[in-house]
Every structure is written in structure tokens, then in C-alpha cells.
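Here, each number is a calculation from the coordinates, and none is a lab measurement. Bear in mind the structure is a predicted one, so any value in this text is a computation, not a measurement. Neighbour counts run over all protein chains shown; Cβ positions are idealised from the backbone, glycine included.
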Amino acid sequence: MAQNKKKGKGQGPQPMTKEELLAKAKKPGEDARKLHPFYRGKIEVVPKCIIRSFDDFAIWYTPGVAEPCKMIKENKEYVWTMTNRWNTIAVISDGTRVLGLGDIGPEAGLPVMEGKSLLFKYLGGVDAFPLCLGTKDPEKIIETVKILQPSLGGVNLEDIAQPKCFYVLDRLRKECEIPVWHDDQQGTATIEVAGAINSAKIVGKKLDEMEFVLFGSGAANIAIGRVLRAVGVKIENIVQIDSKGPLHPDRKDIEAVKDEYADKWMLCQKSNKKGARTIEEAFKGADIVVAASRPGPDTIKKEWIKLMNDKPIVFATANPIPEIWPWEAKEAGAYIVATGRSDFPNQINNSLGFPGIFRGTLDVKAKTITDEMCVAAAYELAKTAEDKGLHEEYIVPTMDDWEVFPREAVAVGLKAIEQGIAREKPSRQELMERAETIIRRAREQAKFLMKKGFIPAPPE
């Protein structure tokens, strides 16, 4: 059971009761209700150029601004050095699949996109702007992204329901001149794979011999399976589960929509060598379950975990409530448990991936973000944690391990250069210096604003 920090006289840390754990789990939501209206949002635009007097506006605006405009007209490449486009991305969503809440609409999704933008800035030094679109039409989403390109260095698609998200991403990656990725696919896959790499080391197993249960068949777990295969996991050793049970060749419901759900139909044909037809059969003898499905608790049953192989690994990543509470998974015999929450050990969360990945992508002006770049980031994530010392409650870095973000950026940038999709080719040292400088600046800037009261302390 989880530990808290209270101590009795002459005693070590005492186990937290289930009531205390539940209260802890509810507190972030309670605080969010109070603090969102207090701050009236989480991000704003601030100047980055000198303003010594009003005379400087003649440089930054009219008449002086006409000169960079004319230079960019003659050579569009100047836009990368004369504007902030090089470091600007959009976080774009239609609000149709918002972190465990479903189709709640663009307005209700805006707090999530603002939070994403905050993490981009603080963790990766990336200037991100939340743009929630008032349409569910994939063609309109695609067209909107394409016409925004002149102002952006990249696009992070977020919380778009499947199968639309696959179609939108595939089209934009083909048709855009800037990198476009879907964080619920590639971002989630990156951190989950890093966690799997290190968990395998801790339990003394080999990835290519392990049996996986991917609990959920949404955008996240489809991408996780793809990236797992890229690091050596055998497709036949994966059992993918959707709302109707394991995927297998006799799933006529999926065959009927195989053109629309091509990835799921492929998995029906090639995965699940054990022939599981029920959830119990899927869990029996499995080494690891990676869940990205319906929020819990009790979405995953304790009795299923008891069917798993020795030293079972459970990633329960649904938000805001994991598919099974960590302490219940431990009671069922789980050796390693991870969730998507920061208030429990082993947070498997996209926030460890996207800031560093986009930092590296922007720093080499990559044309796209490939799965190979995500694999490079996953290995660097895993290595960062390993360098600090792995154990059952530390399988991936935390957001406090700030060095993970520049390390990821370097790994991603170098992979883009290797793949021939980078417009710039700085050295490893140059990439590290760039990433460290801009990330440190973002963090120090936030600390300064709090210290000086420009970001006020929350009410008691």
C-alpha cells in the first residue's frame, strides 16, 4: 500500500488508509474548481523583445516592421529567424474525446488545451496556443490546420475521437509542410513504451518474450501497439481488447467496418496467438497489461490481475480515475503499477514526452515527427530513469527530473537528422545547449513572475 510522510514517535512512514488515498485522489479536482476561476486561465502572451521606451515600437511595429516584412516576401525562409514561428505551435482539438470525459465539446475542452500549452512552455520552452475548433468535420479540421501553417512551426492534435483522428493525422502528415502529430497516439505511445522497457528490466524479462494485454482499442492503444512492435514486441504476443472483448479473426463486427478500422482488423488477423476469446483468457499468463480505456475504478478487476504471470505489470492510465486503484492492483499481486496521475508513483503521462519531443523537432526544423523519433525519445526517457536508479516505484522520470526534456530533445533532433527530414543539422552539443537554455529560461521566468507577484499566490 502507498506510504505517506506522517510518522509516529520512533516510527517510519505509516501506510495510508484507503480513505486517505481516496481523499488524496480527489484533491486535485477540488483545487482545480477553486483555482481556475481565480487565475481566469493558465497562459498569456508576454513580450520577449526590449521595450526601453515607446520609441522602440517604431522598430517592432510601424514603420520599422516593414523591413522584415519585405525581406520575408523576398525569401520566405526568413520567417523562421524574424518571427517566433520557429517556436510556435498550436494545440488543436474538436473536443470529441477529452481525457476520460468523452465528447464534451470545444468550450469544455479548452481548459485541457490551456493546460497542455502550459506544460509545453514550462517543460519544453515551446510557445503553444490552444485552439478548440467549432466543428467535428474532419475535412474542416484538416483545412483549418493547413491554412494556419504560415504562422506555426508545428501542430499538436489533441483529444479527437477515433477513427477520425487516424484519418486527420494521416492526411495532415502527408499534406503539411510542418510537423503534425496526435499526442493521444504518438505521445502516449512514447511514454508507455519507455515504461515497458524499464519495467521489463526490473522484473528480469525480455520484451520480445513478454505477453502483452492492451486493454482498450482507442487511438492511444493502437499507437502503443505499433511503437511496441517497433522496439521488438511480437505482434502475436499481444492481445488487444475493446469494449466487446479480445480482438480475434472471428470478430465479424470489426470485419464489417474493416475499411474504416483498418488497424483493428489487422490486429484481429495477426495478434492474439493464444486465441483468447474472453478477458479472463487474455489476462491468463500475461506479463503486462497496458490499459487506456474507460475511467475506473473497477474497469479492471482484481481477479483478472491474479491470473497474470509472476511479477505482473499493470499500467492503468485512464484519467481522471485509473481503471483500477493502484493499491487494489497491488493487493491483487501486481509487482509494478503505473497510472496517468501525478499523485501516485510511476506517472505514465504524455507530459514526459511531448515537450521534449517538440523541442527537438523545432530545434532542427523537422518536416514531420516519425515513429522512429518517438522510439528514440522512449529509449532516452528510459535511460534517464535508469541512470537515476530503477525500482518498482520509479520506472520513468518524473517532471521534476528536468534533464529528461533536453535529453529527449537531443535524441529526437539527431534521429530527424539521421532520417533526412531536418532542415537544420546542429551538432549534439549545440542541440543540448539550445534545449537547456530555452527550457531553463521558461522555468526561471515562471519563478520570477511568482516571486514578484505578477502571478499571485492562490487564496488560502
Only bridges with both residues in the chain count here: give the DSSP antiparallel percent, nearest 5.
-> 20 percent
From the cross-link list Lys34/Lys164; Lys26/Lys302; Lys164/Lys273, which pairs have alpha carbons spaced over 26 Å apart?
-> Lys34/Lys164; Lys164/Lys273
Determine the dipole magnitude for region 183-460: charges of +1 sit on the beta-carbon of Lys and Arg, -1 on that of Asp and Glu, nothing else is charged, the reference point is the Cα centre, and the result goes in debye to the nearest 20.
-> 420 debye
Determine the distance separating the Cα centre of region 181-205 from the Cα centre of region 29-76; give it in Å without decimals.
-> 37 Å
Inter-part gap, Cα centre of region 318-351 to Cα centre of region 94-170, in whole angstrom, is 26 Å
So which GluC sites (Glu not before Pro) in region 110-179 pass both tests, a DSSP loop state and at most 16 other Cβ atoms within 10 Å of the Cβ?
-> Glu177
Using a Förster distance of 35 angstrom, determine the FRET efficiency expected from the C-beta separation of Asp55 and Asn84, and round it to 0.05.
-> 0.95
Residues meeting the amide H criterion for Asp127 (H placed from the backbone, H to H distance under 5 Å, 5 or more places apart or on another chain) are Ile89
Nearest 0.05, what FRET efficiency do Ile455 and Lys27 give at R0 = 22 Å with Cβ-Cβ as r?
-> 0.55
Are there any helices in the chain, counted as whole DSSP H runs, that stretch 24 Å or more along their axis by Cα and score at least -1.0 on average by Kyte-Doolittle, and if so which?
-> 106-124, 371-388, 428-451
Ranked highest first by the average count of other Cβ atoms within 10 Å around their residues, in what order do 93-100, 427-434, 450-457, 269-276 fall?
-> 93-100, 269-276, 427-434, 450-457
Output the antiparallel fraction of DSSP beta bridges having both residues in region 54-182, as a percent to the nearest 5.
-> 5 percent
Over the chain, calculate the relative contact order: mean separation of alpha carbon pairs under 8 Å at least 6 apart, over the residue count, as a percent.
-> 14 percent
Beyond 20 Å between alpha-carbons counts as too far, so tell me which of Lys201/Lys415; Lys206/Lys234; Lys70/Lys425; Lys76/Lys140; Lys116/Lys264 fall in that bin.
-> Lys201/Lys415; Lys70/Lys425; Lys76/Lys140; Lys116/Lys264
Pairs Lys136/Lys174; Lys274/Lys311; Lys365/Lys451; Lys258/Lys367; Lys18/Lys330: which are spaced more than 23 Å apart, C-alpha to C-alpha?
-> Lys365/Lys451; Lys258/Lys367
For Val45, Val65, order by how many other beta-carbon atoms lie within 10 Å, fewest first = Val45, Val65
Percent relative contact order for region 374-460, counting Cα pairs under 8 Å at least six residues apart, stands at 24 percent
Exposure proxy ranking, count of Cβ atoms within 10 Å, fewest first, for Trp60, Trp327 | Trp60, Trp327
Mean Cβ count within 10 Å, highest first, over the residues of peptides 293-299, 419-425 = 293-299, 419-425
